[in-house]
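Peer 1: This is the structure, below, for whatever I ask next.
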Amino acid sequence: MEKRITTPLTRQQARTLKSGDAVLLSGVIYTARDAAHKRLCELAARGQPLPFDVENAVIYFVGPTPAKPGQAIGSAGPTTSYRMDAYSPTLIALGLTGMIGKGKRGPEVVQAMKEHGAVYFGAIGGAGALLSRCVLKSEVVAYEDLGAEAIRRLEVRDLPVTVIIDSEGSNLYETGRKNYLASVKK
Amino acid sequence: MREIPASLITDAVQRMCVSANCNLPGDVRRCIEQSRACEQWQPAQGILDKIIENYGIAEQNSVPICQDTGVACVFLEIGQDVHIEGPLREAVDEGVRRGYEQGFLRKSVVRDPLERVNTGDNTPAMLYIDLVPGDKVRITVAPKGFGSENMSRIKMLRPSDGIEGVRDFVVQAVEEAGPNPCPPVVVGVGIGGTFDKAAFLAKKALMRPLDVRAEKPLYRELEQDLLERVNALGVGPQGFGGRTTALAVNIEWLPTHIAGLPVAVNLNCHVTRHATEVL
(Lines give C-alpha, C1' and ligand atoms only; values in the text may rest on other atoms or scores of the structure.)
Protein backbone atom coordinates (compact mmCIF):
# COMPACT_ATOMS: atom_id res chain seq x y z
CA MET A 1 0.00 0.00 0.00
CA GLU A 2 1.47 3.34 -1.05
CA LYS A 3 1.85 6.29 1.28
CA ARG A 4 0.56 9.56 -0.11
CA ILE A 5 2.80 12.55 0.58
CA THR A 6 2.26 16.15 -0.44
CA THR A 7 5.12 18.64 -0.46
CA PRO A 8 6.48 20.64 1.33
CA LEU A 9 8.07 17.71 3.13
CA THR A 10 8.88 18.62 6.72
CA ARG A 11 11.75 17.04 8.64
CA GLN A 12 9.23 15.34 10.92
CA GLN A 13 7.42 13.84 7.93
CA ALA A 14 10.71 12.83 6.36
CA ARG A 15 11.64 10.96 9.54
CA THR A 16 8.43 8.90 9.38
CA LEU A 17 9.34 7.47 5.97
CA LYS A 18 11.14 4.14 5.98
CA SER A 19 13.39 2.45 3.49
CA GLY A 20 11.26 0.33 1.15
CA ASP A 21 8.11 2.48 1.50
CA ALA A 22 6.25 3.00 -1.77
CA VAL A 23 5.22 6.66 -1.95
CA LEU A 24 2.96 8.65 -4.27
CA LEU A 25 4.34 12.17 -4.21
CA SER A 26 2.26 15.25 -5.03
CA GLY A 27 2.83 18.99 -4.90
CA VAL A 28 5.75 21.18 -5.96
CA ILE A 29 9.22 19.74 -6.50
CA TYR A 30 12.31 21.21 -8.19
CA THR A 31 14.58 19.71 -10.83
CA ALA A 32 18.36 20.00 -10.70
CA ARG A 33 21.28 18.02 -12.10
CA ASP A 34 25.07 18.40 -12.02
CA ALA A 35 25.48 21.90 -13.46
CA ALA A 36 22.61 23.44 -11.46
CA HIS A 37 23.85 21.84 -8.22
CA LYS A 38 27.28 23.34 -8.82
CA ARG A 39 25.78 26.81 -9.18
CA LEU A 40 23.51 26.40 -6.13
CA CYS A 41 26.45 25.42 -3.97
CA GLU A 42 28.57 28.30 -5.28
CA LEU A 43 25.76 30.68 -4.23
CA ALA A 44 25.51 29.01 -0.83
CA ALA A 45 29.28 29.28 -0.34
CA ARG A 46 29.05 33.04 -0.90
CA GLY A 47 26.10 33.23 1.47
CA GLN A 48 23.77 34.40 -1.29
CA PRO A 49 20.08 33.43 -1.59
CA LEU A 50 19.19 30.44 -3.77
CA PRO A 51 16.73 30.82 -6.69
CA PHE A 52 14.13 28.77 -4.80
CA ASP A 53 13.43 28.01 -1.16
CA VAL A 54 15.16 24.74 -0.24
CA GLU A 55 13.57 24.63 3.22
CA ASN A 56 11.41 21.46 3.27
CA ALA A 57 11.90 21.11 -0.49
CA VAL A 58 12.31 18.01 -2.65
CA ILE A 59 14.76 18.01 -5.56
CA TYR A 60 14.31 15.64 -8.50
CA PHE A 61 17.56 14.77 -10.27
CA VAL A 62 16.27 14.95 -13.83
CA GLY A 63 16.99 16.61 -17.15
CA PRO A 64 13.78 16.15 -19.16
CA THR A 65 13.45 16.00 -22.93
CA PRO A 66 11.78 19.05 -24.53
CA ALA A 67 7.98 19.00 -24.20
CA LYS A 68 6.03 18.23 -27.36
CA PRO A 69 3.05 20.51 -28.07
CA GLY A 70 0.34 19.66 -25.56
CA GLN A 71 2.71 18.10 -23.02
CA ALA A 72 3.59 19.70 -19.67
CA ILE A 73 7.04 18.16 -19.90
CA GLY A 74 8.92 15.67 -22.05
CA SER A 75 10.17 12.30 -20.80
CA ALA A 76 11.38 12.79 -17.26
CA GLY A 77 12.99 9.87 -15.46
CA PRO A 78 15.74 10.11 -12.84
CA THR A 79 19.45 10.50 -13.52
CA THR A 80 22.16 8.72 -11.51
CA SER A 81 22.44 10.41 -8.12
CA TYR A 82 26.06 9.89 -7.04
CA ARG A 83 27.14 12.78 -9.27
CA MET A 84 25.25 15.08 -6.89
CA ASP A 85 26.99 13.64 -3.78
CA ALA A 86 29.48 16.49 -3.66
CA TYR A 87 26.63 19.00 -3.39
CA SER A 88 23.71 17.32 -1.58
CA PRO A 89 25.09 17.67 2.00
CA THR A 90 25.26 21.48 1.59
CA LEU A 91 21.62 21.61 0.44
CA ILE A 92 20.45 19.22 3.16
CA ALA A 93 22.09 21.47 5.75
CA LEU A 94 20.10 24.36 4.26
CA GLY A 95 16.82 22.51 4.75
CA LEU A 96 16.39 20.14 1.79
CA THR A 97 14.37 17.14 2.98
CA GLY A 98 13.97 14.96 -0.10
CA MET A 99 15.91 13.89 -3.16
CA ILE A 100 14.62 11.78 -6.04
CA GLY A 101 17.08 9.93 -8.25
CA LYS A 102 18.45 6.46 -8.83
CA GLY A 103 21.58 4.63 -7.77
CA LYS A 104 23.94 4.66 -4.83
CA ARG A 105 24.76 7.60 -2.53
CA GLY A 106 28.01 8.24 -0.72
CA PRO A 107 28.48 8.09 3.07
CA GLU A 108 28.73 11.90 3.32
CA VAL A 109 25.18 12.21 1.93
CA VAL A 110 23.77 9.52 4.23
CA GLN A 111 25.45 11.22 7.19
CA ALA A 112 23.83 14.55 6.32
CA MET A 113 20.44 12.84 5.87
CA LYS A 114 20.69 11.26 9.32
CA GLU A 115 21.87 14.44 10.95
CA HIS A 116 19.21 16.74 9.52
CA GLY A 117 16.32 14.38 8.68
CA ALA A 118 16.07 13.82 4.94
CA VAL A 119 15.12 10.95 2.63
CA TYR A 120 16.41 9.65 -0.67
CA PHE A 121 13.71 8.39 -3.03
CA GLY A 122 14.22 6.26 -6.13
CA ALA A 123 12.13 6.65 -9.26
CA ILE A 124 12.32 4.03 -12.01
CA GLY A 125 15.31 4.76 -14.21
CA GLY A 126 14.46 4.42 -17.87
CA ALA A 127 10.72 4.96 -17.38
CA GLY A 128 10.71 8.63 -18.39
CA ALA A 129 7.66 8.42 -20.66
CA LEU A 130 5.57 6.91 -17.85
CA LEU A 131 6.83 9.28 -15.14
CA SER A 132 6.23 12.39 -17.27
CA ARG A 133 2.49 11.71 -17.02
CA CYS A 134 2.60 12.65 -13.32
CA VAL A 135 3.87 16.15 -14.12
CA LEU A 136 1.00 18.63 -14.37
CA LYS A 137 3.02 21.78 -14.86
CA SER A 138 6.63 22.75 -15.47
CA GLU A 139 8.32 26.14 -15.52
CA VAL A 140 11.97 27.15 -15.58
CA VAL A 141 12.85 29.12 -12.44
CA ALA A 142 16.62 29.48 -12.91
CA TYR A 143 19.56 28.87 -15.24
CA GLU A 144 17.65 28.76 -18.51
CA ASP A 145 21.05 28.81 -20.27
CA LEU A 146 21.63 25.25 -19.05
CA GLY A 147 18.87 23.89 -21.31
CA ALA A 148 17.81 20.45 -20.05
CA GLU A 149 19.84 21.14 -16.89
CA ALA A 150 17.92 24.31 -15.92
CA ILE A 151 16.10 24.36 -12.60
CA ARG A 152 12.41 23.73 -13.13
CA ARG A 153 9.52 24.03 -10.73
CA LEU A 154 7.28 21.01 -11.28
CA GLU A 155 3.79 20.38 -10.03
CA VAL A 156 3.38 16.64 -9.75
CA ARG A 157 0.51 14.34 -8.86
CA ASP A 158 1.06 10.82 -7.54
CA LEU A 159 4.65 10.52 -8.75
CA PRO A 160 5.53 6.89 -7.89
CA VAL A 161 8.77 6.71 -5.89
CA THR A 162 10.30 4.30 -3.38
CA VAL A 163 12.23 5.29 -0.27
CA ILE A 164 15.71 3.91 -0.88
CA ILE A 165 17.63 5.46 2.02
CA ASP A 166 15.72 6.76 5.03
CA SER A 167 16.73 9.26 7.71
CA GLU A 168 18.18 6.46 9.83
CA GLY A 169 20.45 5.33 6.99
CA SER A 170 18.62 2.09 6.22
CA ASN A 171 19.24 1.26 2.54
CA LEU A 172 16.91 -0.67 0.23
CA TYR A 173 19.76 -1.47 -2.18
CA GLU A 174 21.32 -3.53 0.62
CA THR A 175 18.21 -5.01 2.24
CA GLY A 176 16.32 -5.69 -1.02
CA ARG A 177 19.17 -7.71 -2.47
CA LYS A 178 19.80 -9.51 0.82
CA ASN A 179 16.13 -10.45 1.25
CA TYR A 180 15.85 -11.67 -2.32
CA LEU A 181 18.97 -13.83 -2.01
CA ALA A 182 17.66 -15.25 1.29
CA SER A 183 14.36 -16.11 -0.42
CA VAL A 184 16.18 -18.02 -3.16
CA LYS A 185 18.31 -20.01 -0.71
CA LYS A 186 15.26 -21.32 1.19
CA MET B 1 31.64 2.71 -58.36
CA ARG B 2 28.23 3.47 -56.89
CA GLU B 3 27.55 7.11 -56.03
CA ILE B 4 25.56 7.92 -52.88
CA PRO B 5 24.76 11.58 -52.10
CA ALA B 6 25.70 12.51 -48.53
CA SER B 7 22.19 13.97 -48.13
CA LEU B 8 20.76 10.42 -48.14
CA ILE B 9 22.95 9.64 -45.14
CA THR B 10 21.68 12.78 -43.40
CA ASP B 11 18.07 11.71 -44.01
CA ALA B 12 18.65 8.18 -42.73
CA VAL B 13 20.45 9.35 -39.59
CA GLN B 14 17.67 11.87 -38.89
CA ARG B 15 14.98 9.17 -39.18
CA MET B 16 16.85 6.72 -37.01
CA CYS B 17 17.67 9.20 -34.22
CA VAL B 18 13.92 9.64 -33.75
CA SER B 19 12.82 6.03 -34.25
CA ALA B 20 15.56 4.53 -32.05
CA ASN B 21 14.67 6.84 -29.17
CA CYS B 22 10.93 6.16 -29.29
CA ASN B 23 10.68 2.49 -30.31
CA LEU B 24 12.42 -0.19 -28.30
CA PRO B 25 13.68 -2.96 -30.62
CA GLY B 26 11.64 -6.19 -30.68
CA ASP B 27 14.49 -8.38 -29.42
CA VAL B 28 14.88 -6.20 -26.30
CA ARG B 29 11.12 -6.22 -25.66
CA ARG B 30 10.89 -9.99 -25.99
CA CYS B 31 13.80 -10.40 -23.63
CA ILE B 32 12.28 -8.08 -21.01
CA GLU B 33 8.91 -9.84 -21.30
CA GLN B 34 10.53 -13.28 -20.95
CA SER B 35 12.46 -12.04 -17.91
CA ARG B 36 9.22 -10.77 -16.39
CA ALA B 37 7.68 -14.21 -16.84
CA CYS B 38 10.64 -15.84 -15.04
CA GLU B 39 10.92 -13.29 -12.23
CA GLN B 40 9.66 -14.61 -8.88
CA TRP B 41 10.49 -11.61 -6.65
CA GLN B 42 7.44 -9.41 -6.28
CA PRO B 43 9.06 -5.93 -6.17
CA ALA B 44 11.04 -6.89 -9.27
CA GLN B 45 7.87 -7.99 -11.06
CA GLY B 46 6.31 -4.59 -10.34
CA ILE B 47 9.29 -2.72 -11.77
CA LEU B 48 9.42 -4.86 -14.91
CA ASP B 49 5.69 -4.23 -15.42
CA LYS B 50 6.32 -0.47 -15.25
CA ILE B 51 9.22 -0.77 -17.68
CA ILE B 52 6.98 -2.65 -20.13
CA GLU B 53 4.21 -0.08 -19.68
CA ASN B 54 6.75 2.70 -20.28
CA TYR B 55 7.97 1.52 -23.67
CA GLY B 56 4.36 0.99 -24.72
CA ILE B 57 3.54 4.61 -23.85
CA ALA B 58 6.66 5.82 -25.66
CA GLU B 59 5.79 3.98 -28.85
CA GLN B 60 2.11 4.98 -28.82
CA ASN B 61 2.84 8.67 -28.33
CA SER B 62 6.14 8.87 -30.22
CA VAL B 63 7.95 10.20 -27.17
CA PRO B 64 11.40 9.18 -25.93
CA ILE B 65 11.48 5.97 -23.88
CA CYS B 66 14.04 7.62 -21.60
CA GLN B 67 14.92 11.29 -21.08
CA ASP B 68 18.58 10.46 -21.61
CA THR B 69 18.34 10.32 -25.37
CA GLY B 70 22.06 9.83 -25.32
CA VAL B 71 25.04 10.71 -27.37
CA ALA B 72 24.39 9.49 -30.93
CA CYS B 73 26.72 6.59 -31.69
CA VAL B 74 26.66 6.13 -35.46
CA PHE B 75 28.17 3.04 -37.03
CA LEU B 76 28.85 3.17 -40.75
CA GLU B 77 29.83 0.10 -42.73
CA ILE B 78 30.79 1.54 -46.09
CA GLY B 79 31.14 -0.72 -49.10
CA GLN B 80 34.47 -0.32 -50.88
CA ASP B 81 32.64 0.18 -54.17
CA VAL B 82 30.72 3.19 -52.88
CA HIS B 83 31.64 6.81 -53.36
CA ILE B 84 29.90 9.24 -51.01
CA GLU B 85 29.30 12.62 -52.65
CA GLY B 86 29.84 15.33 -50.07
CA PRO B 87 31.46 15.53 -46.65
CA LEU B 88 30.53 12.47 -44.60
CA ARG B 89 31.01 13.69 -41.03
CA GLU B 90 29.00 16.85 -41.72
CA ALA B 91 26.24 14.72 -43.27
CA VAL B 92 25.99 12.53 -40.16
CA ASP B 93 26.06 15.50 -37.79
CA GLU B 94 23.36 17.26 -39.81
CA GLY B 95 21.20 14.15 -39.46
CA VAL B 96 21.74 14.15 -35.69
CA ARG B 97 21.01 17.88 -35.50
CA ARG B 98 17.74 17.51 -37.40
CA GLY B 99 16.66 14.29 -35.71
CA TYR B 100 17.19 15.59 -32.18
CA GLU B 101 15.30 18.79 -32.99
CA GLN B 102 12.42 17.17 -34.86
CA GLY B 103 12.01 14.35 -32.33
CA PHE B 104 11.98 16.61 -29.24
CA LEU B 105 15.03 14.75 -28.00
CA ARG B 106 17.34 16.00 -25.27
CA LYS B 107 20.58 17.70 -26.24
CA SER B 108 23.13 16.05 -23.99
CA VAL B 109 26.53 16.80 -25.53
CA VAL B 110 29.08 19.34 -24.23
CA ARG B 111 31.65 20.85 -26.60
CA ASP B 112 34.61 20.25 -24.34
CA PRO B 113 34.81 17.70 -21.50
CA LEU B 114 36.41 20.24 -19.15
CA GLU B 115 34.74 23.50 -20.22
CA ARG B 116 31.34 21.76 -20.38
CA VAL B 117 29.22 24.06 -22.53
CA ASN B 118 26.31 22.27 -24.25
CA THR B 119 26.55 22.25 -28.06
CA GLY B 120 22.78 22.75 -28.16
CA ASP B 121 22.09 20.29 -30.98
CA ASN B 122 23.51 16.99 -29.67
CA THR B 123 26.36 17.05 -32.18
CA PRO B 124 28.91 15.78 -32.79
CA ALA B 125 27.96 12.14 -33.25
CA MET B 126 30.39 9.47 -32.11
CA LEU B 127 31.31 8.05 -35.48
CA TYR B 128 32.56 4.50 -36.07
CA ILE B 129 33.54 3.76 -39.66
CA ASP B 130 34.39 0.41 -41.17
CA LEU B 131 35.21 -0.41 -44.80
CA VAL B 132 33.59 -3.60 -46.05
CA PRO B 133 33.29 -5.33 -49.45
CA GLY B 134 30.33 -4.39 -51.67
CA ASP B 135 28.42 -1.31 -52.82
CA LYS B 136 26.09 -0.66 -49.90
CA VAL B 137 26.22 1.57 -46.85
CA ARG B 138 24.89 0.10 -43.64
CA ILE B 139 24.08 2.69 -40.96
CA THR B 140 23.29 1.94 -37.34
CA VAL B 141 22.27 4.69 -34.94
CA ALA B 142 22.55 3.80 -31.26
CA PRO B 143 21.70 6.56 -28.77
CA LYS B 144 23.85 5.78 -25.71
CA GLY B 145 22.83 6.95 -22.26
CA PHE B 146 25.55 7.76 -19.77
CA GLY B 147 24.11 6.27 -16.59
CA SER B 148 25.24 2.93 -17.92
CA GLU B 149 28.23 4.25 -19.90
CA ASN B 150 29.72 5.63 -16.66
CA MET B 151 29.66 2.14 -15.12
CA SER B 152 31.77 0.62 -17.91
CA ARG B 153 35.21 -0.83 -17.18
CA ILE B 154 38.39 -1.95 -18.95
CA LYS B 155 41.32 -3.99 -17.67
CA MET B 156 44.48 -5.38 -19.16
CA LEU B 157 44.50 -8.89 -17.69
CA ARG B 158 47.52 -11.21 -17.79
CA PRO B 159 47.29 -14.21 -20.12
CA SER B 160 47.61 -16.39 -17.00
CA ASP B 161 44.36 -14.90 -15.65
CA GLY B 162 42.59 -16.85 -18.39
CA ILE B 163 38.86 -17.39 -18.68
CA GLU B 164 38.42 -17.26 -14.88
CA GLY B 165 40.00 -13.82 -14.82
CA VAL B 166 37.64 -12.62 -17.55
CA ARG B 167 34.65 -14.09 -15.75
CA ASP B 168 35.54 -12.48 -12.42
CA PHE B 169 36.17 -9.09 -14.02
CA VAL B 170 32.82 -9.05 -15.85
CA VAL B 171 30.77 -10.22 -12.85
CA GLN B 172 32.56 -7.75 -10.58
CA ALA B 173 31.86 -4.87 -13.00
CA VAL B 174 28.12 -5.62 -12.92
CA GLU B 175 28.07 -6.10 -9.15
CA GLU B 176 29.94 -2.87 -8.44
CA ALA B 177 27.68 -0.96 -10.83
CA GLY B 178 24.70 -2.22 -8.78
CA PRO B 179 21.65 0.02 -9.25
CA ASN B 180 23.48 2.84 -11.07
CA PRO B 181 23.20 1.73 -14.73
CA CYS B 182 19.40 1.13 -14.56
CA PRO B 183 19.28 -2.66 -14.38
CA PRO B 184 18.21 -4.92 -15.98
CA VAL B 185 21.28 -4.22 -18.06
CA VAL B 186 22.75 -5.55 -21.26
CA VAL B 187 26.40 -6.48 -20.77
CA GLY B 188 28.67 -5.86 -23.75
CA VAL B 189 32.04 -7.59 -23.40
CA GLY B 190 35.10 -7.12 -25.61
CA ILE B 191 37.96 -9.56 -25.27
CA GLY B 192 41.34 -9.30 -27.03
CA GLY B 193 42.71 -6.84 -29.57
CA THR B 194 44.42 -3.84 -28.02
CA PHE B 195 43.38 -1.48 -25.19
CA ASP B 196 41.17 0.62 -27.48
CA LYS B 197 39.92 -2.26 -29.65
CA ALA B 198 38.66 -4.14 -26.58
CA ALA B 199 36.56 -1.11 -25.62
CA PHE B 200 35.23 -0.83 -29.16
CA LEU B 201 34.34 -4.54 -29.21
CA ALA B 202 32.39 -4.13 -25.98
CA LYS B 203 30.36 -1.32 -27.55
CA LYS B 204 29.90 -3.30 -30.76
CA ALA B 205 28.63 -6.25 -28.70
CA LEU B 206 25.74 -4.05 -27.53
CA MET B 207 24.60 -3.69 -31.15
CA ARG B 208 24.00 -7.41 -31.54
CA PRO B 209 20.35 -8.49 -31.07
CA LEU B 210 19.80 -10.06 -27.66
CA ASP B 211 18.51 -13.30 -29.18
CA VAL B 212 21.63 -13.87 -31.29
CA ARG B 213 24.44 -15.71 -29.51
CA ALA B 214 28.17 -15.65 -30.30
CA GLU B 215 29.13 -17.89 -33.21
CA LYS B 216 32.11 -19.59 -31.64
CA PRO B 217 31.05 -22.23 -29.06
CA LEU B 218 33.68 -21.07 -26.53
CA TYR B 219 32.15 -17.60 -26.40
CA ARG B 220 28.56 -18.82 -26.71
CA GLU B 221 29.09 -20.91 -23.58
CA LEU B 222 30.87 -18.05 -21.82
CA GLU B 223 27.92 -15.75 -22.59
CA GLN B 224 25.51 -18.24 -21.04
CA ASP B 225 27.74 -18.82 -18.02
CA LEU B 226 28.22 -15.10 -17.40
CA LEU B 227 24.48 -14.41 -17.71
CA GLU B 228 23.75 -17.05 -15.07
CA ARG B 229 26.44 -15.69 -12.74
CA VAL B 230 25.29 -12.10 -13.15
CA ASN B 231 21.67 -13.08 -12.52
CA ALA B 232 22.74 -14.94 -9.38
CA LEU B 233 24.03 -11.67 -7.89
CA GLY B 234 20.53 -10.68 -6.77
CA VAL B 235 20.88 -7.00 -7.75
CA GLY B 236 17.61 -7.17 -9.68
CA PRO B 237 15.65 -4.52 -11.60
CA GLN B 238 16.65 -1.05 -10.37
CA GLY B 239 18.83 -2.70 -7.71
CA PHE B 240 15.84 -3.48 -5.45
CA GLY B 241 16.66 -7.20 -5.50
CA GLY B 242 15.57 -9.95 -7.87
CA ARG B 243 16.77 -12.34 -10.52
CA THR B 244 16.66 -10.01 -13.51
CA THR B 245 19.95 -8.11 -13.21
CA ALA B 246 20.90 -8.60 -16.87
CA LEU B 247 18.91 -9.32 -20.01
CA ALA B 248 21.86 -10.67 -21.97
CA VAL B 249 25.66 -10.89 -22.10
CA ASN B 250 27.05 -10.33 -25.60
CA ILE B 251 30.73 -11.03 -26.26
CA GLU B 252 32.85 -9.92 -29.21
CA TRP B 253 36.50 -10.94 -29.50
CA LEU B 254 39.63 -10.40 -31.57
CA PRO B 255 43.09 -11.95 -31.78
CA THR B 256 45.56 -10.30 -29.39
CA HIS B 257 49.25 -10.07 -28.45
CA ILE B 258 51.10 -13.00 -26.81
CA ALA B 259 51.58 -10.84 -23.70
CA GLY B 260 48.03 -9.57 -23.29
CA LEU B 261 44.41 -10.29 -22.43
CA PRO B 262 42.45 -7.01 -22.66
CA VAL B 263 38.87 -7.14 -21.38
CA ALA B 264 36.31 -4.38 -21.56
CA VAL B 265 32.78 -4.24 -20.20
CA ASN B 266 30.37 -1.72 -21.71
CA LEU B 267 27.05 -1.68 -19.88
CA ASN B 268 23.76 -0.62 -21.36
CA CYS B 269 20.49 -0.07 -19.52
CA HIS B 270 17.24 -1.89 -20.30
CA VAL B 271 16.58 0.89 -22.85
CA THR B 272 19.05 -0.67 -25.30
CA ARG B 273 18.30 1.33 -28.42
CA HIS B 274 19.49 0.98 -31.97
CA ALA B 275 18.10 1.30 -35.47
CA THR B 276 19.67 0.16 -38.74
CA GLU B 277 19.13 1.07 -42.40
CA VAL B 278 20.96 -0.09 -45.49
CA LEU B 279 21.44 2.32 -48.40
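Peer 1: Taking region B:77-101, which residues are charged (D, E, K, R) and open to solvent by 40 Å² or more (accessible area, probe 1.4 Å)?
Peer 2: B:GLU77, B:ASP81, B:GLU85, B:ARG89, B:GLU90, B:GLU94, B:ARG97, B:ARG98, B:GLU101 - these are the residues of region B:77-101 that are charged (D, E, K, R) and open to solvent by 40 Å² or more (accessible area, probe 1.4 Å).
Peer 1: Could you list all residues from region B:45-60 that are under 18 Å from A:GLY77 (Cβ atoms) and more than 7 Å from chain A (Cβ to nearest Cβ)? Show your work before the answer.
Peer 2: Kept after step one, since they are under 18 Å from A:GLY77 (Cβ atoms), are these residues of region B:45-60: B:46-60.
Scanning region B:45-60 gives B:GLY46, B:LEU48, B:ASP49, B:ILE52, B:TYR55, B:GLY56, B:GLU59, B:GLN60.
Peer 1: In this structure, is B:LYS203 touching a Cys at 6+ places or on another chain (Cβ under 9 Å) and either assigned by TED's automatic domain parsing to the domain that holds B:ASN268 or without any contact (Cβ under 8 Å) to a residue 24 or more places away in the chain (or both)?
Peer 2: Here the answer is yes, as B:LYS203 does meet what is asked.
Peer 1: Going through region A:163-180 one residue at a time, which ones are open to solvent by 10 Å² or more (accessible area, probe 1.4 Å) and at the interface with chain B (Cβ under 7 Å from one of its Cβ atoms)?
Peer 2: A:LEU172, A:TYR173, A:ARG177, A:ASN179, A:TYR180, listed by residue number.
Peer 1: Right, something else. Looking at (1) open to solvent by 30 Å² or more (accessible area, probe 1.4 Å); (2) more than 23 Å from B:ILE9 (Cβ to Cβ); (3) within 13 Å of chain A (Cβ to nearest Cβ), can you tell me which one B:GLY120 breaks?
Peer 2: (2)
Peer 1: If you don't mind, there's one more thing I want to ask. Let me spell it out: the conditions are (1) open to solvent by 50 Å² or more (accessible area, probe 1.4 Å); (2) within 12 Å of chain B (Cβ to nearest Cβ), and A:ILE124 meets all of them except one. Which number is the exception?
Peer 2: Condition not satisfied by A:ILE124: (1).
Peer 1: Could you tell me which numbered condition A:ARG133 fails, if it satisfies all but one of (1) of a type in the set (Lys, Arg); (2) in contact (Cβ under 8 Å) with a residue 24 or more places away in the chain; (3) in a helix (DSSP H, G or I)?
Peer 2: (2)
Peer 1: Does at least one position in region A:108-118 carry a residue that is of a type in the set (Lys, Arg) and either surrounded by 22 or more Cβ atoms within 10 Å (Cβ to Cβ) or within 14 Å of another protein chain (Cβ to nearest Cβ) (or both)?
Peer 2: Going residue by residue through region A:108-118, those that are of a type in the set (Lys, Arg) are A:114.
Narrowing further to those that are either surrounded by 22 or more Cβ atoms within 10 Å (Cβ to Cβ) or within 14 Å of another protein chain (Cβ to nearest Cβ) (or both): none.
No.
Peer 1: Now a separate question. One residue is enough: does region B:53-71 have a residue meeting the conditions assigned to a helix (DSSP H, G or I), within 22 Å of the chain's Cα centre (by Cα), of a type in the set (Phe, Trp, Tyr) and buried (at least 17 other Cβ atoms within 10 Å of the Cβ)?
Peer 2: yes
Residue by residue, here is whether (1) part of a helix (DSSP H, G or I); (2) surrounded by fewer than 24 Cβ atoms within 10 Å (Cβ to Cβ) holds:
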{"residue": "B:MET156", "(1), (2)": "no, yes"}
{"residue": "B:VAL174", "(1), (2)": "yes, no"}
{"residue": "B:PRO181", "(1), (2)": "no, no"}
{"residue": "B:VAL186", "(1), (2)": "no, no"}
{"residue": "B:VAL189", "(1), (2)": "no, no"}
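Peer 1: Next question. Looking at A:GLY101, is it touching a strand residue (DSSP E or B) at 6+ places or on another chain (Cβ under 8 Å), at pLDDT 95 or above and either assigned to a strand (DSSP E or B) or within 10 Å of chain B (Cβ to nearest Cβ) (or both)? Steps first, answer last, please.
Peer 2: On the way: touching a strand residue (DSSP E or B) at 6+ places or on another chain (Cβ under 8 Å): yes; at pLDDT 95 or above: yes; either assigned to a strand (DSSP E or B) or within 10 Å of chain B (Cβ to nearest Cβ) (or both): yes.
Against the criterion (touching a strand residue (DSSP E or B) at 6+ places or on another chain (Cβ under 8 Å), at pLDDT 95 or above and either assigned to a strand (DSSP E or B) or within 10 Å of chain B (Cβ to nearest Cβ) (or both)), A:GLY101 qualifies.
The values are calculated or read from the model by the stated rules, or taken from the named source; none is laboratory data. It should be emphasised that the depicted structure is a prediction, and the values quoted were computed from it without experimental measurement. Using ideal geometry, Cβ is built from the backbone for each residue, glycine included, and neighbour counts are taken over all protein chains shown. Quick note on the areas: whole protein, heavy atoms, side chains included, nothing else; ligands and nucleic acids left out. Shrake-Rupley method; radii C 1.70, N 1.55, O 1.52, S 1.80 Å.
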